[in-house]
Amino acid sequence: MQTKQIKYQAVIIFILGVYLYYLVYRIRFTINPDALFLSISFFYADVHGFISLFLFAFQLWNPRERKAPSALSGVTVDIYIPTYNEDIAVIRKTVLGCAHINYSHKIHILDDGNRSELAHKAKEWGCVYIAREERTHAKAGNLNHALQLTHGEFVVIFDTDCVPQPDFLDKTLGYFHDEKVAFVQTPHNYYNVDSFQFRVSMEKKKSWIEQNLFYRLIMPGRDYWDSAFFAGTAAVFRKKALEDIGGFATGSITEDLHTTILLYSIGWKGVYHNEVLSNELAAKDLKNYQIQQLRWAEGNIGMFFKCNPLLKKGLTIPQRICFSSTIFGWLFGFPKAIYLIIPSIAVFAGLNPIQSFDFSFIWRCVFFLVVLIVGFEYVTRGYGKIIYCEYFITMNFFVVIKAAFRSILGLFGMKSIFRVTGKHSNETIRVSGLIPHIMIFLLSCAGATWGCLKLCYGISDSITGATSVIFWNIVNGLLTFSVIEKTTRPHHKRKDFRFIGSIPVRYAVVGCTDSINGLGVTKDINEFGISLVTFVPLPVKRKISLILYLDQEIMECQATVLSVRNEGQTPNIFVQGLKFDELTEEKMESMNLYCFNTLLPRFRYVFGTKQSIFLKLISKFYSQERFRKAVRRKINFPLIIHTHDKTSYIVVTNDLSVSGLSFINFMPMETGEILSMEVSTPSGKIIVKGEIAQQREIVVGHSYGVGVKFIHISTDAENILVDLANAY
């Protein structure tokens, strides 16, 4: 057992102990015989929560950390890209990523849509095109059809929108040295941060997405129990293992979990490699998100009836617990519905789910909730944010209840339908998907209002009880309002997502007598355009000549200025919206590869999961790490570097202060090396000398974080930096 996990395990045991004590107290002293149904329902929701927490803790007990073994040599690999009706432009990006995988392979496009246009494109891209006349068993049937026609020893599955990195097979094939390994699964990483599933703070350089807790923490925890499962895409299979179970499992709309259980039951093993090696699209709108959640929930709950892990022969006890946890985890809609509805019923019916809202109950309840919230934040290592998690549970409660009933109806002949999640731009918002939330919001508002009136007019028997129920209604109202507001808000305006990233750009206005030119920095970019930050406004509708410094590649092109705006309250900083003037296909592919293979990994480094400020301070004191004398501001400015051997680089600052700066370079540099640097700022250029104080590799082979300490800076330059620090 890893010793560094002991502190988390101790907290897990403490949380479970407090929860168990709370439940014992609840059953002994809080059940209200005058409102028995309401009270028992409330207690059931609490018991459900304890079971969920226990199963969650079991999976989190000791997350496994793996280091990729050297890849197998000389084996044959087939890459499958199953598709039905997805946009060909989306498929092209996946094919482009697959084509640049280092290890030798053959790409197969499995088209259940049987499209002649895609068949033509597949030939043009150098891919094998496979189609079938009928679509039985949906995705699983499509994959099984291809298994019969291809001959590779290993099979890789990438969904239509899943773009792999070049080292995908280098990092996964090595695990197959173990002859009993059937598959290797890697994390799903979503890159379209304009989806409503993301929470991104540009100021704090932080991001969070719902799925990260599962893929970055729970799945490594399941791997410790030999219970990691195939998650539908970004995975490699040994073909022989699939042949042993007759191919991918059919008869379920979640073929991934079903296939995994069948493999484990006959002695095969799975591996989870916890490193992002591919990137895919998150659902862009509520409609497609709910389609996805309904399919996952219905399929997973259906496993209880079709391939129950508690009864399936050949599974170990930990595997039975982990796979049962997967099924049970999709039943959260029932207790959530109880928590959302009970306070309103309590107000209008005059019935209390708790026998007495006295001090004895309230201090225990508050203590229990504080331990639960703080403990959850701690053991989830920054991946679990209680407010965000509650938001998504509230959003999905009705969908998973619907899925549970559909699974039960499946026993009586109702057929589950595999519906593909849309990959297109934002679709029209369906109010029907929010009807349960609107009803609960209105009910909560009415409950809080009626409770206040009862309190004001002295109708309520217990002031403490009435206040508690009013507060409960307010919390439910805020939660449901948050769901309604965020899902109906327009999250992205462009058809094509732009990658967040800072790239140095040299610009010049074409045919301008005033000689408007200089260095700028991108805010976002894709193959169709950029948002460019400059220190002078560019003329709208004018042609701009651009030189983009994509690390070792320098790309020249032209663009048109579509819009100009000031950047916040900072003077002399302007954001221009630029549209490229018809890039060649070769340049568009270079741009896409750079965005997926370089910008995205750097984004994860800069915006990735971070310790809380409190834990960071404790860590610094514990390790006796020195604090910086000057606060670094997260500022992205163009930076020209000259090394001692006359090599020059044009990069972008990550942060900046009067004592130093940091940047990301595509080449490693030596600690202690002296650099001459020129920083472009809104107040003019700053010329400084600095010494490289530290360097770390942040993306293997092509991205290095470099920290520089100034050793010579003029008074004028220092004054400019002080003014900038105050402005940001």
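How many residues does segment 253-298 hold that are outside any helix (DSSP H, G or I), crowded, with 24+ Cβ neighbours inside 10 Å and of a type in the set (Phe, Trp, Tyr)?
Matching residues across segment 253-298 total 1.
Identify, from the list Val699, Val708, the residue that is of a type in the set (Val, Ile, Thr), surrounded by 14 or more Cβ atoms within 10 Å (Cβ to Cβ), under 23 Å from Asp551 (Cα atoms) and at pLDDT below 90. Outline the logic, then answer.
Values: Val708 fails: at pLDDT below 90.
Answer to the check: Val699.
What number of residues within segment 299-321 satisfy the criterion of being surrounded by fewer than 22 Cβ atoms within 10 Å (Cβ to Cβ) and either touching a His at 6+ places or on another chain (Cβ under 8 Å) or aromatic (Phe, Trp, Tyr) (or both)?
Summing the residues that are surrounded by fewer than 22 Cβ atoms within 10 Å (Cβ to Cβ) and either touching a His at 6+ places or on another chain (Cβ under 8 Å) or aromatic (Phe, Trp, Tyr) (or both) in segment 299-321 gives 4.
Please state which of the following conditions Met414 fails to meet, knowing it meets all the rest: (1) outside any helix (DSSP H, G or I); (2) among the aliphatic types (A, V, I, L, M); (3) at pLDDT 90 or above.
Condition (3) is where Met414 drops out.
Can you spot a residue in segment 9-22 that is of a type in the set (Val, Ile, Thr), more than 30 Å from Gly126 (Cα to Cα) and modelled with pLDDT under 95? Break it down stepwise before answering.
To start, the set of residues in segment 9-22 that are of a type in the set (Val, Ile, Thr) comprises 11-13, 15, 18.
Checking which are more than 30 Å from Gly126 (Cα to Cα) leaves us with 11-13, 15, 18.
Remaining after also requiring modelled with pLDDT under 95: none.
Within segment 9-22 (the criterion being of a type in the set (Val, Ile, Thr), more than 30 Å from Gly126 (Cα to Cα) and modelled with pLDDT under 95), the answer is no, since none of the residues qualifies.
Are there any pairs, at least 6 apart or on different chains, whose C-beta atoms fall under 7 Å, with the first in segment 258-269 and farther than 15 Å from Trp225 by Cα and the second acidic (Asp, Glu), and if so, which?
Ile266/Asp244
Checking the structure you have, find out if any residue of segment 361-382 is of a type in the set (S, T, N, Q), closer than 30 Å to Gly608 by Cβ and either touching a helix residue (DSSP H, G or I) at 6+ places or on another chain (Cβ under 6 Å) or in contact (Cβ under 8 Å) with a residue 12 or more places away in the chain (or both). Talk me through it step by step, then tell me what you get.
Step one: list which residues in segment 361-382 are of a type in the set (S, T, N, Q), which gives 380.
In the following step, the residues that additionally are closer than 30 Å to Gly608 by Cβ were identified as 380.
Retained after the next criterion (residues that are either touching a helix residue (DSSP H, G or I) at 6+ places or on another chain (Cβ under 6 Å) or in contact (Cβ under 8 Å) with a residue 12 or more places away in the chain (or both)): 380.
Within segment 361-382 (the criterion being of a type in the set (S, T, N, Q), closer than 30 Å to Gly608 by Cβ and either touching a helix residue (DSSP H, G or I) at 6+ places or on another chain (Cβ under 6 Å) or in contact (Cβ under 8 Å) with a residue 12 or more places away in the chain (or both)), the answer is yes, since at least one residue qualifies.
Rundown of residues vs (1) touching a strand residue (DSSP E or B) at 6+ places or on another chain (Cβ under 7 Å); (2) of a type in the set (Gly, Ala, Ser), yes/no style:
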{"position": "Leu143", "(1), (2)": "yes, no"}
{"position": "Ala146", "(1), (2)": "yes, yes"}
{"position": "Phe168", "(1), (2)": "yes, no"}
{"position": "Gly174", "(1), (2)": "no, yes"}
{"position": "Phe183", "(1), (2)": "yes, no"}
{"position": "Phe196", "(1), (2)": "no, no"}
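Could you check, for segment 19-28, whether at least one of its residues is basic (Lys, Arg) and buried (at least 16 other Cβ atoms within 10 Å of the Cβ)? Lay out the reasoning, then the answer.
So in segment 19-28, the residues basic (Lys, Arg) come out as 26, 28.
From what is left, the residues that are buried (at least 16 other Cβ atoms within 10 Å of the Cβ) are 26.
Yes, segment 19-28 contains at least one residue that is basic (Lys, Arg) and buried (at least 16 other Cβ atoms within 10 Å of the Cβ).
If I filter segment 618-627 for residues that are among the hydrophobic types (A, V, I, L, M, F, W, C), out of contact with any helix residue (DSSP H, G or I) (no Cβ under 9 Å at 6 or more places or on another chain) and at pLDDT below 85, do I get at least one hit? Working first, answer last.
Pass one, segment 618-627, residues among the hydrophobic types (A, V, I, L, M, F, W, C): 618, 621, 627.
Next, from what is left, pick out any that are out of contact with any helix residue (DSSP H, G or I) (no Cβ under 9 Å at 6 or more places or on another chain): 618, 621.
When the remaining residues are screened for being at pLDDT below 85, the result is 618, 621.
Within segment 618-627, one or more residues are among the hydrophobic types (A, V, I, L, M, F, W, C), out of contact with any helix residue (DSSP H, G or I) (no Cβ under 9 Å at 6 or more places or on another chain) and at pLDDT below 85.
Of the conditions (1) touching a residue at least 24 places away in the same chain (Cβ under 8 Å); (2) touching a helix residue (DSSP H, G or I) at 6+ places or on another chain (Cβ under 7 Å), Asn142 fails just one. Which one is it?
Just one mismatch for Asn142, condition (2).
Assess whether Ala122 counts as being under 29 Å from Lys171 (Cα atoms), outside the structural domain of Phe183 (by TED's automatic domain parsing) and either free of Cβ contacts under 8 Å to residues at least 40 places away in the same chain or aliphatic (A, V, I, L, M) (or both). Can you show your working first?
Values: under 29 Å from Lys171 (Cα atoms): yes; outside the structural domain of Phe183 (by TED's automatic domain parsing): no; either free of Cβ contacts under 8 Å to residues at least 40 places away in the same chain or aliphatic (A, V, I, L, M) (or both): yes.
Here the answer is no, as Ala122 does not meet what is asked.
Only one residue in Ala89, Ala57, Ala35, Ala122 is buried (at least 18 other Cβ atoms within 10 Å of the Cβ), more than 26 Å from Thr250 (Cα to Cα), of a type in the set (A, V, I, L, M) and at pLDDT below 95. Which one? Reasoning before the result, please.
On the way: Ala89 fails: buried (at least 18 other Cβ atoms within 10 Å of the Cβ); Ala57 fails: at pLDDT below 95; Ala122 fails: at pLDDT below 95.
Residue meeting the stated conditions: Ala35.
Before we move on, is Asp716 over 22 Å from Met202 (Cβ atoms), charged (D, E, K, R), part of a loop (DSSP other than H, G, I, E, B) and out of contact with any Pro (no Cβ under 7 Å at 6 or more places or on another chain)?
Spelling it out, it is not the case that Asp716 is over 22 Å from Met202 (Cβ atoms), charged (D, E, K, R), part of a loop (DSSP other than H, G, I, E, B) and out of contact with any Pro (no Cβ under 7 Å at 6 or more places or on another chain).
Just to be sure, is Ala71 in a helix (DSSP H, G or I) and in contact with an Asp or Glu (Cβ under 8 Å, 6 or more places away or on another chain)? Give the steps one after another, and end with the answer.
On the way: in a helix (DSSP H, G or I): no; in contact with an Asp or Glu (Cβ under 8 Å, 6 or more places away or on another chain): yes.
Here the answer is no, as Ala71 does not meet what is asked.
Given (1) modelled with pLDDT of 90 or more; (2) within 33 Å of the chain's Cα centre (by Cα); (3) surrounded by 13 or more Cβ atoms within 10 Å (Cβ to Cβ), identify the lone condition not met by Val370.
(3)
Is it the case that segment 518-535 has a residue that's in contact with a helix residue (DSSP H, G or I) (Cβ under 7 Å, 6 or more places away or on another chain) and over 12 Å from Leu578 (Cα atoms)?
No, segment 518-535 has no match at all.
Kindly check whether there is at least one residue in segment 549-561 that is outside any strand (DSSP E or B), within 28 Å of the chain's Cα centre (by Cα) and modelled with pLDDT under 95.
In the first step, residues of segment 549-561 are kept if they are outside any strand (DSSP E or B); the result is 551-552.
Retained after the next criterion (residues that are within 28 Å of the chain's Cα centre (by Cα)): 551.
In the following step, the residues that additionally are modelled with pLDDT under 95 were identified as 551.
Checking segment 549-561: at least one residue is outside any strand (DSSP E or B), within 28 Å of the chain's Cα centre (by Cα) and modelled with pLDDT under 95.
Taking the stated definitions as given, is Val163 touching a helix residue (DSSP H, G or I) at 6+ places or on another chain (Cβ under 6 Å), crowded, with 19+ Cβ neighbours inside 10 Å and hydrophobic (A, V, I, L, M, F, W, C)? Explain how you work it out, then say what you get.
Working: touching a helix residue (DSSP H, G or I) at 6+ places or on another chain (Cβ under 6 Å): yes; crowded, with 19+ Cβ neighbours inside 10 Å: yes; hydrophobic (A, V, I, L, M, F, W, C): yes.
For Val163, the condition - touching a helix residue (DSSP H, G or I) at 6+ places or on another chain (Cβ under 6 Å), crowded, with 19+ Cβ neighbours inside 10 Å and hydrophobic (A, V, I, L, M, F, W, C) - is met.
Tally time: how many residues in segment 517-548 are more than 23 Å from Thr653 (Cα to Cα), in contact with a strand residue (DSSP E or B) (Cβ under 7 Å, 6 or more places away or on another chain) and in a loop (DSSP other than H, G, I, E, B)?
5
I'm told Asn517 meets every condition in (1) crowded, with 17+ Cβ neighbours inside 10 Å; (2) under 30 Å from Lys587 (Cβ atoms) except one. Can you identify the failing condition by its number?
Single failed check for Asn517: (1).
Taking interchain pairs and intrachain pairs at least six residues apart, which have beta carbon atoms under 7 angstrom, with the first residue in segment 282-305 and among the acidic types (Asp, Glu) and the second buried (at least 24 other Cβ atoms within 10 Å of the Cβ) and in a helix (DSSP H, G or I)?
If the second residue must be buried (at least 24 other Cβ atoms within 10 Å of the Cβ) and in a helix (DSSP H, G or I), the pairs left are Glu298/Ala403.
The values are calculated or read from the model by the stated rules, or taken from the named source; none is laboratory data. Please read all numbers here as calculations on a predicted model, not as lab measurements. Every residue, glycine among them, receives a Cβ derived from its backbone with ideal geometry; neighbour counts consider all protein chains shown.
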